[in-house]
Structures are given as C-alpha cells and as structure tokens.
Amino acid sequence: MCSVSFAQLYKIDSLKEIIIKVNNDTDKVFLLNKLSRQYKMINQFDSSIHYAKIALLLAQKISFNRGYIQSFTNLGTIYQQKGNFLKAYEYFFAGLKVAEKINNKKEISTYYFLLGGLFAAQNNYDKALDYFHNTLQLLKELGDKKRMATIYRQIGNCYVEKHEYALALENQQLSIKIAKEINDNLCVGLSYNEIGIINKELKNYDEALKYYFLAIETLEDENEKYGLAATYGNIGGIYLYKKNYTQAIYYTSKSLKGLMELGLKDGIILAHKSLANIYLTIDDYKNAYKHHLLYAQVKDSLFNENSSKQITEMQTKYETEKKEQQIKLLNKDKEIQIKDLARQKTIRNAVAGGFILVLLFSFLLINRFIFIRKQKKVIETEREKSEKLLLNILPMETAEELKLTGKALPKYYEQVTVMFTDFKGFTQIAEKMSAEELVSELDFIFKKFDEIISKYPIEKIKTIGDSYMCAGGVPVANTTNPVDLVMAGLEICEWMKGRAGEGEKGGKGESEKGGWGEKMNLKKEEPENKQRGEYESESRLPFSPSSFPLFQVRIGIHTGSIIAGVVGDKKFAYDIWGDTVNTASRMESSGVAGKVNISGETYKLLIDSKNILPLQFTFRGEIEAKNKGKIEMYFVENSIPYPRQRGI
C-alpha cells in the first residue's frame, strides 16, 4: 500500500507541475480533472472535489462543453463514492442536460448508465432499470456492442435483486451472446458468474457450480483477479450448502488468498467469517477461533481506516509539504558541500578559516530559513483569514472563480427558486422598541433562518431591513430547488410559530434569547438602585421579553430564470437579478402571516416531481400583484421532513 501511495503522490506532484506550465485552458481542464481522479484513488475526497470544481469553473468560463461533461461526471462519481447520493444525482443530471443540449448520444448514454447505477446503489431497482433500458436503446442506435453486453449484465443483476430470475437469466444470456460475438471474454466470464448466482438463488446448486466453473475457466484466461476471488467464494458457498466442508474450505481459502492479494478488506472480512463458521460446523475449534480472531482484527482495522480518512488526508498533505521543504534544504546543503570540497582542494592551508566560513554561512542560512518560515507562517495565517472572510461574503464556487481568474463572470440560470420573508406589522412593532432591542431581535431570528437553510443546498443572498432573501439552484445549478425552498420555508414557519408559543408562556425558553410576547407593557417597575446598562443578561433586564408584540413571518416563493453575479470590486456582494426575483417578492407581499405562499410556476414543478414528498396545497385563485397583474397563488402546508440523504 505504501509503494502505491507513494507512486500516486508522485503522479499528483507531476500533474501539479504540468498544470502550472500549461497555457491552453482546455488542456488545463482535462489535467485538473485528471488530478481530481488521482486524489479520489487515494480517498482524499476533499482535494478531489476541490480540483474538479476548479475544472468546472474554468470549463464554464471558456464555454467548453466536453470539460463541463467531464467535470460533472467526475464530481458525481466522487459524491457517489462518499455516499452523498443527492449531490451525485445533481451533478450527473447537470451533465446529462449538457450532453442533451449538444446532442452527444454517447455521453447521454453514459449519464443514463451512471444514473441507473446510482439508483441501484440505493436499492431503487425499478428506477435503475428505467435508466439502464434508456442506455441500451441509445447503445443500439450507436452500435456499441461492448457496452451493450455490459448493460445487459447490469439489467440482469437488477432483476436478480427483484427476484425476477427468468428475466435475470434472459439478460445474462443476451450479454454472453453479444460478448462472444466481439470476443469480450471478460464480460462472458462475469456473466457466467451471475448465472451461477441466479441458479444458487433458485437452489439449483449443481447448475450453479457448472456456471461458476465456466466463469473460473474464462476469468483465469483474462487474469481477472477480483472476478476469480468472488467466484471462488461463491463456489465455497455452494459446497457449504451441499455440506461438502472440505471443498467449501478449499475454495473459500482460495477466495481469501485472492482478496488479500488485492487488499480488499471488505471481502477479506466476509471470507474469514465464512471460514470461521465452516470450521465451527465441523468442530474444528482451533481454526474457527483463528479465523474469527482474524475477522475481528481486519474489521477493526477497516473501521479505524474509515474513521481517520480526513486525518490521513491532512497528514499526507502535511508530510508532502514537509518533504518538499526537506528536499530543498538537502539540495542547498549539497551545494554548500560541493563548494566546500572545491575550496579545500585549492586552499589546503586555509582549512581552519574555510571551516569557520562554512559555519558562519550555515548559521546565516539557518537564521534566514527561520526568518522565511516565520514570514511564511504570517502570510499563511493572513491568507486563511482573507479566504475565510471571502467565503463569508461569497459562495464557495464564486470565491474559487475569483481566486482562479481574478473575476467572476455573470451567469444565467434557467431554474432558480427564490424566497423572501418579512414580518407583519414590522414598522409598528419596531417603533415600540429601542434600536438595540430591535437589532438584537433581528440578529437572533436571522441567525436561526441561516441555520435552517444551511440544511439544504440554499444560498443566502441578503437581508434588507426585516426582509430575508435566499435562493436555491445557485451558484451550483440543481433540479431540487423548488422542494428545498418550500421545505426550508415550512421549517421557518414552524419555528416562528413554536417561538410565538414560548413567548405567550411568559418569555421562557427561546424567548429569553430575544422573543417577544403579544401585549405592549413597559410599565413594569425596576429596582431603584439599578440602571438599564447594569443588567448582565437578558433574563435580568427590567422588562420581560414577553412584553413586546410577536413577529409574525410572511413567506413568498417563486421559480424561474435569473442572472447571478458579483457586484463591486472594493466590497464584493453576490446578488441575483431578474423578473423571478420581483415575482418572489410579490408572493411574499401578497401572502398571509404564518403561511408559505407559492406561485403557480413553483406549484407545477412540485406536482410534476416524481419523488416529492406529500404536501398539501390550497389554491388561492388568481390574485392581483403590484405591477405584475394577476398571478396564480397557492398555500403549502402540512409537510413531512424531506429526506436529504436520499432526496432524488
């Protein structure tokens, strides 16, 4: 593992050097994605995502469709490997839209295949089959028999999971037929193994063994080590069913050996567990204990590896930088030594003086190195502060683009959902509060709004007075933004209602942090020896938080196209423009306190979505909106939490 890791780190360093030297932007996009894939191979996912996003920004800057597609594919596979299926879906779907726009059937078929695999990984086999059949149709049009053989095998695997074994067998046989036509023996061997699995599920153990051994024969010719290890394990399982324990031990041990050569710990764990159970069945307690112990050790090792991936990534980065510094110092020392040797040859009588000069020079060099290191640390600290400040002002993707190119170009987004909130009767309530109390209250509420929208892929745009504005589908486009904004809006409504309930109980709980009650009453007496500024906390103020009127929130949501970009050069601000923004504002002003008011456009997208969770809609009719005419409006309510990890 160490040698592989070193080789991959060497490739990473080489790629970074090449990227710095390359002037052609299209080449740079390909190289950045290649660098991202190298980081993915060593499970450094944060670095992998970082470089893939830079590649995406650069491709966007130069309108490079192939770069778009490659970057979207790269990001989707990284997030799928991390288990973030929602993010993976967003990037695969974005890539599919680009491929469809340029009518590239090969890339469209690739995205159908990736989306099918994504749904299969979530056990949604019906959806996976839809995408796989779409892939197959395009591959037939393209005449791509190699990939057709693969897709038939994947379709067969889905039918096995659905326990539809006749269809599973039919598709595996089609895969073998096409693979034999093009001499793809690897595909033939893998399908033989799958037919063995089908027969095992049907309890046709002799027929299963027949196909497993056919798979072994074919895969040995292709030197397919993983396929061999898996098939040996399957054969061991069949012999265990047949109670032929000698053969079960033999083939499971062969599987274990292959898995250990490949370093596949998940498989090694299962093989040790199987061997422990077989030995226990035949009362060989010594070997049963041995394999159970190895099973536990490898399982613990795998757990420790998974739990320390981020630490490993940080450590690797640190070690790489440290080694670079050491190499530089060693090269500098080598130069000094060469000069010193030359000096000794020519001035033999001045050895002592030369030695003193070398020591003096080394002392100055070390001091210089220490000074540079301190300066570098100061610069790094300031840079980190600047980057943190920039990320507080701008979305990460926009900040990366600014750092990479020195500017952020305005971008058009086809589908973005915008939400506005404000408070009913804000002006009247504000007049009854001091400036300090008002700002404190708004700060507390808006921080809670920030916390709620951070659960979704939503970008906060700005606050203006009592108005809070945010949007979904920017700066990274997605198709889930109508759902995301509605779910966030409903959660904000529920929180405000719950907070109002606490305020009515007398200012406890949340109200102690800035909540206000329903009735105005500032005549409560305060101790004579206390001045307002002397109270240490809000719970000890001379007025009760429940003595102020409640803030009641109105929420409006609309979906449409917008332009997004950065304005200003001395003081950056990320903003969005377009009729969609104006309409969303009208949704809010035409709304009712405690309700989420959405436009007909947003409603259509929610209804059309096949995966949307149940929501209740109340049609309000066509309502006159200022400067917009009549607009269809709906109230949304009675939702259940949106499952973020599987929300595709």
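Bear in mind that the values in this text are calculations on the coordinates, not laboratory data. The model shown is predicted, which means the values in this text are computed figures rather than measured ones. Every residue, glycine among them, receives a Cβ derived from its backbone with ideal geometry; neighbour counts consider all protein chains shown.
Here is how the numbers come out for the structure above:
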quantity	calculated
Förster-model FRET efficiency, 35 Å R0, E181 and N123, C-beta, rounded to 0.05	0.60
HN-Hα J in Hz across segment 473-486 - Karplus 6.51, -1.76, 1.60, θ = phi - 60°, x for Gly and Pro	x, 9, x, 9, 5, 8, 10, 8, 4, x, 5, 4, 5, 5
For segment 2-222: relative contact order, % (alpha-carbon pairs under 8 angstrom, 6 or more apart)	10
Ratio of the Cα radius of gyration of segment 28-153 to 2.2 N^0.38 Å, where N counts its residues	1.05
Linear extension gain, N204 paired with Y250, 0.36 nm per residue minus alpha-carbon span	14.4 nm
Order of R153, R147 - criterion: other Cβ atoms within 10 Å of each residue's Cβ, fewest first	R147, R153
Compactness of segment 2-222 as Cα Rg over 2.2 N^0.38 Å, two decimals	1.16
Förster radius 22 Å - calculated FRET efficiency between A593 and Q616, Cβ distance, rounded to 0.05	0.75
Neighbour-count order for R620, R586, fewest beta carbons within 10 angstrom listed first	R620, R586
Integer Hz, Karplus 6.51/-1.76/1.60 couplings in order for segment 262-272, x for Gly and Pro	7, x, 8, 5, 4, x, 4, 4, 5, 5, 4
Charge tally in the Cβ shell below 13 Å around Y211, where Lys, Arg are +1 and Asp, Glu are -1, Y211 excluded	-3
Gyration tensor verdict on segment 37-109 (Cα atoms; rounded if a/c is under 1.5, prolate if a/b is larger than b/c, oblate otherwise)	oblate
Residue order, fewest to most surrounding Cβ atoms within 10 angstrom, among C470, C493	C493, C470
